[in-house]
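See below for the structure under consideration.
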Amino acid sequence: MSSLASRAKDLRSSPNKWVAPAVILLGLLYPFLEEPLSTLPLIGDFMPSTGTVVVMIAFTMMAVGLNIVVGYCGLLDLGYVAFYAVGAYTAGWLASQHFEQVTFHFGSSVDNDQVGIHVTMWIVLIAAGLLTMLAGIVIGLPTLRLRGDYLAIVTLGFGEIIPQVVRNGDSFGGFNLTNGTFGIAPIDSVGFPVLSSIAFFPENFQTSDNRERWYYLIAFLLLLFTIFCSVRLRDSRLGRAWIAIREDETAAAAMGVPLMKTKTWAYALGAFFGGVAGAYYASFKSGAFPADFYFNISVFLLCMVILGGMGSIWGVTVGGMILAYLNFSGLSTIGSKIQDAGLNFDPTKYQFGIYGIIIVLMMLFRPTGLIPERRHKVEFEEGVHDTPFYDVQTEGSLTDRDRGND
């Protein structure tokens with residue numbers, strides 16, 4: 001008992017407990033630190049702008065949502081871009097002039113004489129998450145009995161169907177749903193119309209002098225909320241059921257885990273965060289366009305999960321920020337430095353090849369990811385006690401089951 005108490009005391013006094021608060025504090029202060037950091041020698045040119053970090057956070061939120069499906073439940077989803085699209089177009093339907101035959105305003109930050117549906121973006125974010133949950137259930141239901149490659153192929157099909165729908169959705173029986181290849185723009189901004197009487201709170205982020213800082217602050221809080229929910233879900237009864245399915249679906253079913261219901265919850269909750277991120281990103285760039293929703297986005301998000309460590313929340317967050325930085329800022333900066341040195345090489349032309357090399361190197365030298373989940377790490381370091389029946393027959397007592405032979 002005393003040993004347990006001393007161990008608990010050691011854990012409480014561990015310096016690791018200060019890592020998360022320190023990271024959160026630095027994250028909140030980054031918009032104010034960006035300018036002095038950009039003046040530092042060597043690393044200053046590589047510091048991303050606040051606007052770039054907003055985009056990085058949005059894609060990292062999607063990666064954390066995908067981690068619920070892939071990392072927790074073990075369902076290979078190659079169509080996650082569909083959830084991103086549904087969230088973005090939900091923002092377009094509820095916060096723009098797209099439906100010009102209707103004039104409806106509810107807490108929006110735009111003038112009341114503008115046509116279209118204009119609901120406050122705070123409600124739109126919730127609506128986007130809920131509608132995307134429904135889309136996740138619809139997409140997940142036909143795939144619940146599939147495993148492995150078959151599951152990947154079907155989700156890939158759904159991921160290709162949704163972009164085609166939004167690209168050709170300008171005439172559903174004469175009704176313009178998505179405005180086709182032109183997309184929906186402009187989309188209303190996030191803001192604080194109710195608190196705008198207080199000088200500190202802007203009514204509209206887009207017209208604010210500190211536009212990028214406000215968008216960054218809300219994006220950072222949304223990411224923290226996503227991480228918090230992921231941690232709570234992982235440690236819940238539902239999360240343990242997901243992990244049981246991931247480890248051995250047949251054994252999980254034999255122990256009473258309802259496979260269909262549990263998998264459906266994984267699709268729905270993973271889709272929710274993708275929808276919220278998609279709606280917020282659409283508001284940030286003030287538009288939802290079909291060209292943004294292509295298959296490579298799904299692969300890109302999956303690479304984030306693999307790089308960080310499948311099932312590891314903090315790993316996926318770090319992996320998502322790294323790959324998003326390379327995609328939206330890092331490779332172009334590296335390319336400019338290479339060209340300044342007199343070499344004719346532009347890494348942005350080979351970005352997915354570079355990501356592929358990174359993943360291959362990770363699989364060779366650190367297959368569990370940058371920050372591996374504890375269960376995966378133990379399995380790779382210590383192995384498992386199960387051995388195929390063929391090995392039992394051929395090796396006899398000299399199998400991995402008998403640790404005395406090691």
Exercise for the section: Would you mind checking which residues have amide H under 5 Å from residue 373's amide H? H placed 1.01 Å from N; only 5 or more apart, or other chain. Expected result: 312
Fill in the blank from the handout: Reported to the nearest 10 Å², residue 111 has, with a 1.4 Å probe, an accessible area equal to 100
Exercise for the section: Step through the residues of region 23-29 one at a time and calculate ³J(HN,Hα) from phi using the Karplus curve (6.51 cos²θ - 1.76 cosθ + 1.60, θ = phi - 60°), rounding each to whole Hz and writing x for Gly and Pro. Expected result: 5, 4, 4, 5, x, 5, 8
Fill in the blank from the handout: For residue 83, the net charge from surrounding residues (Cβ-Cβ under 15 Å; K, R +1; D, E -1) works out to -3
Handout entry: Between region 18-87 and region 170-235, the alpha-carbon center distance in angstrom
Key = 16
Problem - Most fluctuating residue given options 172, 220, 59, as computed from a GNM of the chain linking Cα atoms under 10 Å - result: 172
Completion exercise
Carbon/sulfur accessible area of the chain, % of total, 1.4 Å probe, equals 64
Problem - Candidates 135, 20, 251: whichever shows maximal mean-square fluctuation once the chain is modelled as a Gaussian network with Cα springs under 10 Å - result: 20
Handout entry: residue 340 versus residue 40: modelled label distance in nm, points set 7 Å from Cα along the beta carbon direction
Key = 1.7
Handout entry: Whole-number accessible area per residue in Å² for the chain, which is evaluated in the context of all protein chains at 1.4 Å
Key = 52
Problem - Hydrodynamic radius (Kirkwood) for the chain, which is based on Cα pairs only, to one decimal in Å - result: 23.3
Handout entry: Dipole of the chain, positive direction: furthest Cα of 71, 362, 191, with charges on the beta-carbon
Key = 71
Practice task
Keeping to pairs on different chains or 8 or more places apart, tell me how many lysine pairs in the chain have Cα atoms under 30 Å apart.
Solution key: 8
Exercise for the section: Figure the gain on full extension for residue 106 and residue 141 (residue separation times 0.36 nm, minus the Cα-Cα span) and round it to one decimal in nm. Expected result: 9.2 nm
Fill in the blank from the handout: Descending accessible area (1.4 Å probe), largest on the left, turns 263, 349 into 349, 263
Practice task
Quickly work out the residue 286-to-residue 17 label distance, labels modelled 7 Å from Cα along the C-beta direction, and quote it in nm with one decimal.
Solution key: 4.8
Completion exercise
Within the set 275, 148, 116, GNM on the chain using Cα springs under 10 Å gives the largest fluctuation to 148
Handout entry: Relative contact order (percent, whole number), region 48-397, Cα cutoff 8 Å, 6+ residue spacing
Key = 29
Problem - Residue-averaged [θ]222 nm for the chain, counting only DSSP H segments that reach four residues, each worth -39500 (n - 2.57) - result: -19500 deg cm²/dmol
Exercise for the section: Net charge near residue 213: determine it from the other residues with C-beta under 13 Å of the C-beta of residue 213, scoring Lys and Arg +1 and Asp and Glu -1. Expected result: -3
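The values are calculated or read from the model by the stated rules, or taken from the named source; none is laboratory data. If you're wondering where the values come from, they're calculated on a predicted model, not measured in any experiment. Cβ coordinates were reconstructed from backbone atoms using ideal geometry, including for glycine residues, and neighbour counts include every protein chain displayed. Please note that ligands, DNA and RNA were not included when accessible areas were found on the heavy atoms of the full protein model with its side chains. Shrake-Rupley method; radii C 1.70, N 1.55, O 1.52, S 1.80 Å.
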